[in-house]
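Participant: Please find one structure pasted underneath; my questions will follow.
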Amino acid sequence: MSSPIEDYALLSDLETAAMVGRNGSVDWLCVPRFDSEACLAALLGTRDNGFWRVAPIAAPGTCTRRAYRPDTLVLDTWWETAEGTVRVTDFMPPRAQAPCIVRVVEGLSGAVPVRSELRLRFHHGRVVPWHRDTGAGTVAVAGPDAMWLSAQAPVHALDRDGSTVWDATVRAGQRLALTLVWAPSHHPGPPAAEGVPAETMLKETDDFWRHWAGQCRYRGPWRDAVVRSLITLKALTYAPTGGIVAAPTTSLPGCIGGERNWDYRYCWLRDSTLALSCLLRCGYRDEASAWLDWLVRAIAGDPADVQTVYGLGGQRLLRETEAPWLTGYEGSQPVRFGNSAAGQFQLDVYGEVLDTLLLSVRAGIPLPAHVWELAEVLMGFLQRHWREPDQGLWQVRGPRRQFVHSKVMVWVAADRALRMGALLGRNGSSAEWRVLRDEVRRQVLREGWDAGQRSFVQSYGSPGLDASALLMPRLGFLPAGDPRIRCTVREMRRLDRGGFLRRYAPGGGGVDDPQGPEGTFVTCSLWYADALAATGRVEEARNAFERVLAVRNDVGLLSEQWDPDAGRQLGNAPQAFSHIALVETAFALSAASSPAPRGREPWNASGSGLIAPCPVGA
């Protein structure tokens, strides 16, 4: 049985990632890329689907404690046993030639018998490889893949289950290393990384992350949390293209035992503006430029074909399949690879793209010469199709609807195109776009506002709430002081569950096909904190933010969802969107806590109640 989601820590080489539990087991690894087939897949099945555990033989449970080294993605895990204490240091060197996991076992006291047990299963935990001895270790081969294991002690294979076992007694002051490297199986010998000393790789990895984290400009009260989130975001970036995956995992459920199990090892346009803003705020201009370059390449082509999600290199075909040989995380089936959301019609992505382009222009990031022509083509498409229903921000698998957030993002698209035109001296279509912007705004205020419950709703004609309405002031659709925004923020308490926000009302009013409840959404809870701060309820905002910080795991990671009843994380982890939102909220609260400049809107300083009464109509 897999460990709780919050028991897993992340390792990454900026091209793929591994998930290692508190029990010392790497239960998830895809090589050579985030979206490749897994060779360790116990996370979604059983030990027979592949794992690599390094721990004291006498310690069958979890470690004593663990932590990332400050400002790095190097993980130290301590084991205290009756025989003594050892520390296991896990890391993946930023990719030079081949993906590589290094595990260094160091004796701190006594003499501790330690075992490494590696059970490789290629093709998403399905294929048992052939093993052969290399003298210094073993190599496992199946189809296109080969994994080379080297160790500073004898290694032997157990034929009964195809495991490779390494046993050693580690004494105080002694350090032994194990290195697992992937290579194409047609290569005649081990990859170059297999021969590099572990101590060299450790120092280079430690130095890389410390230097990168040291560039962070945030100096507020939550710096440690912000830096950890930024390191996580960097770790989820596919360095060759600049694309940022939503998470390194697939099919971790939003409902234990349910079917809300999606593959998040791809790049979503919904993340684009927030990711770019987050990186620029913190001083990471190179990463922001790389993300923008990925975005422009990915959406090139017919605007009718703009997708909500793309592959690491901008691939469009992400065919969704199921893996019946995997039992699923805690029995949650089906296990899915690929994501059919790539074929959905989602209007909000046009606003997200144009918002990102405007932010880039304002930041002075060099843009390709054809970007303005791209903006014109996207706007031309919206002028023809903006009235159509779509699948919305949450990529529902039910019928299309007139989602309010989608229409707001159409307004954002027109607004940002107008602003870009003004900055670039291109205003040939400004009159048409201004008409579109104003028409969309009037429609949203008329059809998206529910006068009876005095709040914006999820879709036209529906009474259901949606947390995406909290983004309206951030997007500039209405000011935070508008009574309709204040009322909507107040009504969002109806989405509260244990101090956290669901993305929409339970059951969704038939909006989504997959059955079963789901947890609260971390990002929505952070949006709520932002909106509270913007409407002057700063103390409430801080409390909401601190609640999110409190549900990070022991090494500072957040998944997509939180179950306040069971007190556990749900969904794919770690989630880029959650960590991006954490950074944005930290900046928002730092700004809200600063003295108000002259002329600023007179927020209610007590944070209790509203300044203006809620209107009864739009």
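Participant: Can you name every one of the strands (runs of 3 or more DSSP E) wholly within the stretch 23-84 that holds 2 or more residues which are of a type in the set (S, T, N, Q) and outside the structural domain of residue 240 (by TED's automatic domain parsing)? Explain how you work it out, then say what you get.
Facilitator: Values: elements: 25-30, 38-40, 51-56, 65-68, 75-81.
Output list reads 75-81.
One line per residue, one yes/no per condition, for (1) aromatic (Phe, Trp, Tyr); (2) in contact with a His (Cβ under 7 Å, 6 or more places away or on another chain):
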position	(1), (2)
400	no, no
412	no, no
456	yes, no
468	no, yes
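Participant: Could you go through the stretch 549-560 and let me know if any residue there is in a helix (DSSP H, G or I) and free of Cβ contacts under 8 Å to residues at least 12 places away in the same chain. Before the answer, list the steps.
Facilitator: First, pick out the residues of the stretch 549-560 that are in a helix (DSSP H, G or I): 549-550.
Among the residues that remain, those that are also free of Cβ contacts under 8 Å to residues at least 12 places away in the same chain are: 550.
Yes; the residues of the stretch 549-560 include at least one that is in a helix (DSSP H, G or I) and free of Cβ contacts under 8 Å to residues at least 12 places away in the same chain.
Participant: Here is a check on your reading of the model: is residue 428 over 17 Å from residue 473 (Cα atoms) and either assigned to a helix (DSSP H, G or I) or free of Cβ contacts under 8 Å to residues at least 12 places away in the same chain (or both)? Let's see the steps before the verdict.
Facilitator: Numbers: over 17 Å from residue 473 (Cα atoms): yes; either assigned to a helix (DSSP H, G or I) or free of Cβ contacts under 8 Å to residues at least 12 places away in the same chain (or both): yes.
Judged against the criteria, residue 428 is a match.
Participant: Just one of 400, 419 is of a type in the set (D, E, K, R) and either closer than 18 Å to residue 343 by Cα or not assigned by TED's automatic domain parsing to the domain that holds residue 269 (or both); which is it? Show your work before the answer.
Facilitator: Working: 419 fails: either closer than 18 Å to residue 343 by Cα or not assigned by TED's automatic domain parsing to the domain that holds residue 269 (or both).
The conditions single out 400.
Participant: Just checking, does the stretch 208-223 include any residue being part of a loop (DSSP other than H, G, I, E, B), in the same structural domain as residue 568 (by TED's automatic domain parsing), in contact (Cβ under 8 Å) with a residue 60 or more places away in the chain and over 26 Å from residue 569 (Cβ atoms)?
Facilitator: The answer is no; no qualifying residue exists.
Participant: Need the failing condition index for residue 321 against (1) among the β-branched types (Val, Ile, Thr); (2) surrounded by 15 or more Cβ atoms within 10 Å (Cβ to Cβ); (3) more than 22 Å from residue 379 (Cβ to Cβ), just the number.
Facilitator: Of everything listed in (1) among the β-branched types (Val, Ile, Thr); (2) surrounded by 15 or more Cβ atoms within 10 Å (Cβ to Cβ); (3) more than 22 Å from residue 379 (Cβ to Cβ), residue 321 misses just condition (2).
Participant: Are any residues in the stretch 52-104 hydrophobic (A, V, I, L, M, F, W, C), closer than 25 Å to residue 122 by Cα and over 23 Å from the mean Cα position of the chain (by Cα), and if so, which ones?
Facilitator: 52, 54, 55, 96, 98, 102, 104
Participant: While we're here: Counting residues that are of a type in the set (Lys, Arg), which strands (runs of 3 or more DSSP E) fully inside the stretch 111-182 reach at least 1? Steps first, answer last, please.
Facilitator: Numbers: elements: 130-133, 137-142, 145-151, 155-158, 163-171.
Output list reads 130-133, 163-171.
Participant: Could I ask something else about it? Given the structure, is residue 70 closer than 30 Å to residue 239 by Cβ, at pLDDT 95 or above and surrounded by fewer than 18 Cβ atoms within 10 Å (Cβ to Cβ)? Reasoning before the result, please.
Facilitator: Numbers: closer than 30 Å to residue 239 by Cβ: yes; at pLDDT 95 or above: yes; surrounded by fewer than 18 Cβ atoms within 10 Å (Cβ to Cβ): yes.
Here the answer is yes, as residue 70 does meet what is asked.
Participant: Just need a number here: residues in the stretch 113-153 that are acidic (Asp, Glu), surrounded by fewer than 21 Cβ atoms within 10 Å (Cβ to Cβ) and farther than 22 Å from residue 167 by Cα. I'd like the intermediate steps shown before the answer.
Facilitator: As a first pass, look at the stretch 113-153 and keep what is acidic (Asp, Glu): 117, 133, 145.
Next cut, surrounded by fewer than 21 Cβ atoms within 10 Å (Cβ to Cβ) only: 117, 133.
Next, from what is left, pick out any that are farther than 22 Å from residue 167 by Cα: none.
Count: 0.
Participant: I would also like to ask the following. Return the residues of the stretch 349-404 that are under 25 Å from residue 278 (Cβ atoms) and free of Cβ contacts under 8 Å to residues at least 12 places away in the same chain; say none if nothing qualifies.
Facilitator: Across the stretch 349-404, the qualifying residue is only 364.
Participant: Would you mention how many residues in the stretch 435-479 are at pLDDT 95 or above, hydroxyl-bearing (Ser, Thr, Tyr) and assigned to a loop (DSSP other than H, G, I, E, B)?
Facilitator: Matching residues across the stretch 435-479 total 1.
Condition check ((1) more than 15 Å from residue 132 (Cα to Cα); (2) among the polar types (S, T, N, Q); (3) modelled with pLDDT of 90 or more) across all residues:
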{"residue": "169", "(1), (2), (3)": "yes, yes, yes"}
{"residue": "175", "(1), (2), (3)": "yes, no, yes"}
{"residue": "195", "(1), (2), (3)": "yes, no, no"}
{"residue": "209", "(1), (2), (3)": "yes, no, yes"}
{"residue": "212", "(1), (2), (3)": "yes, no, yes"}
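Participant: Among 11, 40, which is the only one that is out of contact with any Gly (no Cβ under 9 Å at 6 or more places or on another chain) and either within 23 Å of residue 62 (Cβ to Cβ) or acidic (Asp, Glu) (or both)?
Facilitator: Details: 40 fails: out of contact with any Gly (no Cβ under 9 Å at 6 or more places or on another chain).
That would be 11, the only listed residue that is out of contact with any Gly (no Cβ under 9 Å at 6 or more places or on another chain) and either within 23 Å of residue 62 (Cβ to Cβ) or acidic (Asp, Glu) (or both).
Participant: Hey, another quick one. I need every pair where a residue in the stretch 124-153 that is touching a residue at least 40 places away in the same chain (Cβ under 8 Å) has its Cβ under 7 Å from the Cβ of a residue that is part of a strand (DSSP E or B) and among the basic types (Lys, Arg), sequence separation at least 6 or different chains.
Facilitator: 139/132
Participant: Same structure again: Quick one: what pairs do we get from the stretch 431-445, first residue closer than 18 Å to residue 347 by Cβ, second small (Gly, Ala, Ser) and not in a helix (DSSP H, G or I), C-beta under 7 Å, 6+ apart or different chains?
Facilitator: 445/618
Participant: Moving to a separate point now. Since residue 407 meets every condition but one in (1) within 24 Å of the chain's Cα centre (by Cα); (2) farther than 16 Å from residue 272 by Cα; (3) at pLDDT 95 or above, which condition does it not meet?
Facilitator: Unmet for residue 407, out of (1) within 24 Å of the chain's Cα centre (by Cα); (2) farther than 16 Å from residue 272 by Cα; (3) at pLDDT 95 or above: (1).
Participant: With respect to residue 89, determine if the residue is β-branched (Val, Ile, Thr), part of a loop (DSSP other than H, G, I, E, B) and modelled with pLDDT of 95 or more.
Facilitator: Details: β-branched (Val, Ile, Thr): yes; part of a loop (DSSP other than H, G, I, E, B): no; modelled with pLDDT of 95 or more: yes.
No: the conditions fail for residue 89.
Participant: Any residue at all in the stretch 130-137 that's of a type in the set (Phe, Trp, Tyr) and under 20 Å from residue 12 (Cα atoms)? First the steps, then the outcome.
Facilitator: As a first pass, look at the stretch 130-137 and keep what is of a type in the set (Phe, Trp, Tyr): 130.
After this cut, where a residue has to be under 20 Å from residue 12 (Cα atoms) as well, the list is none.
So far as the stretch 130-137 goes, no, none of its residues is of a type in the set (Phe, Trp, Tyr) and under 20 Å from residue 12 (Cα atoms).
Participant: Going by what's in this entry, would residue 213 be described as surrounded by fewer than 20 Cβ atoms within 10 Å (Cβ to Cβ) and of a type in the set (A, V, I, L, M)?
Facilitator: Numbers: surrounded by fewer than 20 Cβ atoms within 10 Å (Cβ to Cβ): yes; of a type in the set (A, V, I, L, M): yes.
Answer is yes for this residue.
Participant: Continuing with the same structure: Under the condition of being surrounded by 24 or more Cβ atoms within 10 Å (Cβ to Cβ) and small (Gly, Ala, Ser), which residue from the stretch 26-53 is farthest from residue 98 (Cα to Cα)?
Facilitator: 45
The values are calculated or read from the model by the stated rules, or taken from the named source; none is laboratory data. Nothing here was measured: the structure is a model prediction, and the numbers come from that model. FYI the Cβ positions are ideal-geometry reconstructions off the backbone, even for glycines, and counts take in every protein chain you see.
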